[in-house]
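Enquirer: Pasting in a structure now, in structure tokens, and then I'll have a few things to ask.
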Amino acid sequence: MLKVTNIGKAYGKFTALEDINLEVADGEFLAIMGPSGSGKSTLINILGLLDQSYSGEYLLKGKNYKEVNDNRLSQIRGDQLGFVFQNFKLLTTYSVYENIEIPLVYSKKEQHNKQTLVEDVINKVGLAGKERNRPSELSGGQQQRVAIARAIVNRPNLIIADEPTGALDSKTSKEIMDIFTKLNQAGTTVIMVTHDSEVAKYAMRTVYIRDGRLYSDAESVKNHD
Ligand code: ADP
Ligand code: ADP
């Protein structure tokens, strides 16, 4: 799915990422853990084609997008990637249905096909009956279900989730992780940042970031203290 070779990233004189190497296979479910400020968001912004100013090489499906312009990049993000955030990032004046439909608005698919796609993901995330509700009428867990539905409605190859359970209690977190697990079992690659080791257990593999450096589970961070 993707390959990162010797990636580095600096904000001015501050080194946020250093010598990052990472390969993620098609169909993998990877957790990225690390303390606050360690570089997790910086890394997934690069993986999600949201940040193009880094050193080293990043290949997504074998392609290097470093020189690609912003319009084309947002197209590629829309077609291939789905994003889920800690704070859902839903549009508050839109209904559940309209929020989920957003990624399809500019797609050339016929309207009835769009409707089928939206209804399909609403069922997948267990939100049938909530289509007309506004996000504020839903629980946190339900709002995250809307965000997941929006992320998968275009059937992306890769879902990038940044602390998807960070705002949820542990029971709701489990429900959300069950959804990610099902998506992964259906073939979608998942990369998830989390602080929560219970949540990381749903992943096939965990890597750790500390001070901008990446460690595999085999070489525990502690060995590098
Ligand atoms: P995490 O997601 O692990 O909390 P981040 O990737 O957000 O960490 O940040 C890594 C480091 O880079 C932090 O020390 C943060 O203060 C710094 N940083 C992040 N974004 C910027 C920025 N735009 N300008 C300067 N420093 C930044
Ligand atoms: P959960 O157990 O998932 O945290 P809640 O206890 O928050 O759910 O909500 C239970 C039910 O109440 C849900 O079906 C949700 O749609 C509804 N609900 C929650 N908050 C609101 C609200 N502010 N306005 C209307 N309905 C709400």
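Each value in this text was obtained by applying a stated rule to the coordinates, not by laboratory testing. Not measured: the values here are computed from a predicted model. Heads up, the Cβs are rebuilt from the backbone with ideal geometry, glycines too, and the neighbour counts pull from every protein chain shown.
Enquirer: As I understand it, the value is the acute angle between the Cα axis of helix 140-152 and the longest principal axis of the Cα atoms of the chain; what does it come to in degrees, rounded to 10?
Expert: Long axis of 140-152 versus the principal axis of the chain: about 80 degrees.
Enquirer: Considering only DSSP states other than H, G, I, E and B, which GluC sites (Glu not before Pro) in region 103-202 qualify as loop sites with at most 16 other Cβ atoms within 10 Å? Intermediate results must be reported in sequence, preceding the final value.
Expert: On the way: sites: GLU110, GLU119, GLU131, GLU137, GLU175, GLU198; in loops: GLU110, GLU131.
Those satisfying the criteria are GLU110, GLU131.
Enquirer: Tell me, what ³J(HN,Hα) does each residue in region 35-50 have, in order and in whole Hz, if you take phi through Karplus 6.51 cos²θ - 1.76 cosθ + 1.60 with θ = phi - 60° and put x for Gly and Pro?
Expert: With the stated coefficients, region 35-50 comes to x, 4, x, 7, x, 4, 5, 4, 5, 6, 5, 5, 4, x, 6, 9 Hz.
Enquirer: Another one. Here are some pairs, LYS89/LYS174; LYS3/LYS201; LYS114/LYS201; LYS66/LYS124; LYS13/LYS89; LYS109/LYS201; which of them have Cα atoms lying more than 26 Å apart in this structure?
Expert: Working: LYS89/LYS174 20 Å; LYS3/LYS201 23 Å; LYS114/LYS201 34 Å; LYS66/LYS124 34 Å; LYS13/LYS89 31 Å; LYS109/LYS201 37 Å.
Beyond 26 Å between Cα atoms: LYS114/LYS201; LYS66/LYS124; LYS13/LYS89; LYS109/LYS201.
Enquirer: With the Cα gyration tensor of region 71-198 giving a ≥ b ≥ c as the square roots of its eigenvalues, does the rule (a/c under 1.5 for rounded; else a/b larger than b/c for prolate; else oblate) give rounded, prolate or oblate? Show your work: numbers first, answer last.
Expert: Details: a/c = 1.64, a/b = 1.22, b/c = 1.35.
The shape class here is oblate.
Enquirer: Summing -39500 (n - 2.57) over the DSSP H runs of n ≥ 4 in the chain and dividing by its residue number, what mean residue ellipticity at 222 nm do you reach, to the nearest 500 deg cm²/dmol? Mind showing how you got there, number by number?
Expert: On the way: 7 runs with 72 residues, N = 225.
So the helix-based figure for the chain works out to -9500 deg cm²/dmol.
Enquirer: Something else: Mind putting a number on the dipole of the chain about its Cα centre? Charges go on the C-beta only, +1 for Lys and Arg and -1 for Asp and Glu, and I need it in Debye to the nearest 20.
Expert: Values: 28 positive and 28 negative charges, 79 e Å.
Result for the chain is approximately 380 debye, rounded to the nearest 20.
Enquirer: If you don't mind, there's one more thing I want to ask. Pop a pseudo-label 7 angstrom from the Cα along the beta-carbon direction at both SER107 and SER55 and give the gap in nm to one decimal.
Expert: Inter-label distance under the simple model: 4.0 nm.
Enquirer: How would you order 160-173, 50-63 from highest to lowest mean count of nearby Cβ atoms within 10 Å?
Expert: Numbers: 160-173: 19.1, 50-63: 14.5.
My ranking of the peptides, most packed first, is 160-173, 50-63.
Enquirer: Charges on Cβ only, +1 for Lys and Arg, -1 for Asp and Glu, centred on the Cα centroid of the chain; of PHE180, LEU2, ASN157, which one is farthest towards the dipole's positive end?
Expert: Positive-most Cα among the choices belongs to ASN157.
Enquirer: Going by C-beta contacts inside 10 Å, put ILE32, ILE44 in order with the fewest on the left. Mind dumping the intermediate values first?
Expert: Working: ILE32 27, ILE44 19.
Arranged by neighbour count, lowest to highest, ILE32, ILE44 become ILE44, ILE32.
Enquirer: On to the next question. Provide the net charge surrounding ASP178, with neighbours chosen by a C-beta distance below 12 Å and charges set as Lys +1, Arg +1, Asp -1, Glu -1.
Expert: That sum, taken over residues with Cβ under 12 Å, equals +4.
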